[in-house]
Amino acid sequence: MRDSRDLNSLHGHFRTGPGGYSRLLEEDPNQPSAKVLEELAARMVDTPDKPSDKPDPEENLYVPAGYTYLSQFVDHDLTFDTTSTLDPTDSTAPTNQRTPRFDLDSVYGPGPAAAPFMYQDGVRLVECEADLPRSAPKRGSPRAIIGDPRNDENSIICNLQMAFLRFHNLVVQAFESASGPKRSPRALFEAAQNEVRWTYQKILVEDLLPRIVAKETLEAFENARDPNARGLTRNESAYTLYTRGKRCAIPLEFSGAVYRFGHSMVRNGYRLNANTLKPILAGKDSTADSLVGFQPLPPAHVIDDWSLFFPNSADNTTAPGSKRNANNQSGPKRLQFAYRIDTTLGDPLGGLPPSIRGDDSANLAARNLFRGRKFQLPSGQAVATALGVQALERKYLVVRRKDAEKQTFEEIPDDLLDCTPLWFYILAEAQVPIVNWRLERGGNEFTDDQLLSAAGETATQLGPVGGRVILEVFHGLLDADPDSYRNHTDAAAWQPLIGECRMWNLVNFQREEKQLRVVRLG
């Protein structure tokens, strides 16, 4: 059953809703001190390392690197808070300029009627061959003309935004080539937009979620949902936290903590093509030195081979031990993997440049922990209790400490052991396989080489708290949206143009290969 609220009114670029966010649980005023959070944040940042084409002991064999930035792209589709700050004296409530839907308003903006400058002809999005469309200011760097400025934040998400613009335009071209009555420009745009949105939604369910959420957690929730043939939940009692009445807004626990799991997956650097291997961030705000964005994309930063980021759908990389893993490939053509979902953040994220952080802390871990404190988010243990799952034992509430020769696990500050910040908790929960591997070996010390050799058994995914929150939000939003592929009347017999809904198929979509399949949709 759909939410009784008229969600059609929620389409649009600048919808904020009542306060912009909902809560899964009551706010918790008993928060850790800023001092203890600062201490934890400092311990979460890894030692410096240079980008490399060699297998990396930090790589997570469940998650190819492109899914880090697909996850970021999804975040920008759901949330954009432009009012609240991390200043503890600022009482401004967070607001959300996005809709509680997977509707790609970060791509489409308010649509061709309200934002004609984003469109070529009222149907196609403005697209450039080797960059995002940009303004031509008299001063400063040209700004990307896109639905969400953050999709110009770094070179990888810039390329991903370009891929979605291209995909929409190729879908338009394919529909134009189909036989049958000629569509009006408005009808053509709406048909193409639906195709792109529904494809994107199916990719999230069929490609992204199985990579980031542990199989046991995913299957248990799917069985409880008892979906119909179109994926719509038939058993509403499957939702423990994100119940129907909360789906008119994004939960603060999701946006302010759980969905920030992707920060732990960011590599120190990435290969974009045969000639370009760069750190994700560097000491300067310049794409010449790193992949920092908010300026024209250098030609050398164009991703011309997405196999560096996404696997061909024939490759089973949703489980360790696949034929394309971090242990048996090296060199500039290897599939790069995200770093593990764990309590360690790559060194560059401990020193964010001003173009990304503004006036707030340069340590991303500190920013996340302070955000949870300011929003008075419940602890990880409180969410576990609400879900009816056993809270983590203290032996798992640890951070890794490295030196030149070895690594060890260290317990977090005592003040946080029984009331652990939600963001840290879901990372520690995902990290359980690494801790268990270390415990089974005996002793606390291990080396990079030992961790690399155990890449399969130490791969990580979100567990019964972190994974469950994400599953409830993703499926809850799709269930509640009358325009999703689960509910829209035109989607009843819909079959995706790209065939199998994998990111590989979307970024490599070519109209010519799909013309025969489009004919039946004309």
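Within segment 228-244, the residues that satisfy the criterion of being in contact (Cβ under 8 Å) with a residue 60 or more places away in the chain and over 14 Å from LEU387 (Cβ atoms) are ARG230, GLY231, LEU232, THR233, GLU236, ARG244. Does ALA130 fit the bill of being under 13 Å from SER106 (Cβ atoms) and within 27 Å of the chain's Cα centre (by Cα)? Here the answer is no, as ALA130 does not meet what is asked. Restricting to segment 440-457, name every residue that is out of contact with any strand residue (DSSP E or B) (no Cβ under 9 Å at 6 or more places or on another chain) and either surrounded by fewer than 13 Cβ atoms within 10 Å (Cβ to Cβ) or of a type outside the set (S, T, N, Q) (or both). Correct list: GLU440, ARG441, GLY442, GLY443, ASP449, GLU457. Looking only at residues of segment 416-439 that are closer than 23 Å to ALA365 by Cα and free of Cβ contacts under 8 Å to residues at least 40 places away in the same chain, we find that the one that is surrounded by the fewest Cβ atoms within 10 Å (Cβ to Cβ) is ASP418. For the residues ASN169, ASN151, the requirement of being assigned to a helix (DSSP H, G or I), under 24 Å from the mean Cα position of the chain (by Cα) and over 21 Å from ALA338 (Cβ atoms) singles out ASN169.
With respect to (1) more than 26 Å from THR385 (Cα to Cα); (2) not in a loop (DSSP other than H, G, I, E, B), the lone exception for ILE470 is condition (1). From the list LEU369, LEU377, LEU392, LEU352, the one residue that fits, being at pLDDT 95 or above, within 21 Å of the chain's Cα centre (by Cα) and in a loop (DSSP other than H, G, I, E, B), is LEU377. Within segment 387-415, the residues that satisfy the criterion of being of a type in the set (A, V, I, L, M) and either free of Cβ contacts under 8 Å to residues at least 12 places away in the same chain or surrounded by fewer than 15 Cβ atoms within 10 Å (Cβ to Cβ) (or both) are ALA391, ALA404.
The sole residue among ASN159, ASN194 that is surrounded by 23 or more Cβ atoms within 10 Å (Cβ to Cβ) and assigned to a helix (DSSP H, G or I) is ASN159. Each residue in segment 245-266 was checked for being part of a helix (DSSP H, G or I) and within 30 Å of SER52 (Cβ to Cβ), and 7 pass. Six or more apart or on different chains, Cβ under 8 Å: which pairs go from a residue in segment 484-501 that's in a loop (DSSP other than H, G, I, E, B) to one that's among the hydroxyl-bearing types (Ser, Thr, Tyr)? Could you list them? Here the result reads TRP494/TYR485; PRO496/THR199; LEU497/THR199; ILE498/THR199; GLU500/SER313; CYS501/THR199, each pair linking segment 484-501 to a residue that is among the hydroxyl-bearing types (Ser, Thr, Tyr). How many of the residues making up segment 177-208 are among the polar types (S, T, N, Q), farther than 17 Å from GLY66 by Cβ and within 26 Å of the chain's Cα centre (by Cα)? Counting residues in segment 177-208 that are among the polar types (S, T, N, Q), farther than 17 Å from GLY66 by Cβ and within 26 Å of the chain's Cα centre (by Cα) gives 3.
Of the residues in segment 219-229, at least one is farther than 30 Å from ASP53 by Cα, in contact with a helix residue (DSSP H, G or I) (Cβ under 6 Å, 6 or more places away or on another chain), charged (D, E, K, R) and modelled with pLDDT of 95 or more. Within segment 82-114, the set of residues being of a type in the set (Asp, Glu), modelled with pLDDT of 90 or more and either surrounded by fewer than 21 Cβ atoms within 10 Å (Cβ to Cβ) or assigned to a loop (DSSP other than H, G, I, E, B) (or both) comprises just one member, ASP103. Any residue that is crowded, with 18+ Cβ neighbours inside 10 Å and modelled with pLDDT under 90 - is there at least one of those in segment 291-312? The answer is no; no qualifying residue exists. Within segment 177-186, none of the residues are outside any helix (DSSP H, G or I), charged (D, E, K, R), under 27 Å from PRO279 (Cα atoms) and in contact with a helix residue (DSSP H, G or I) (Cβ under 7 Å, 6 or more places away or on another chain).
The one condition from (1) among the basic types (Lys, Arg); (2) closer than 23 Å to ALA459 by Cα; (3) surrounded by 22 or more Cβ atoms within 10 Å (Cβ to Cβ) that ARG43 does not meet is (3).
The values are calculated or read from the model by the stated rules, or taken from the named source; none is laboratory data. All values reported here derive from a predicted model rather than from experimental measurement. Please note: Cβ atoms are built from the backbone with ideal geometry, for glycine as well, and neighbour counts cover all protein chains shown.
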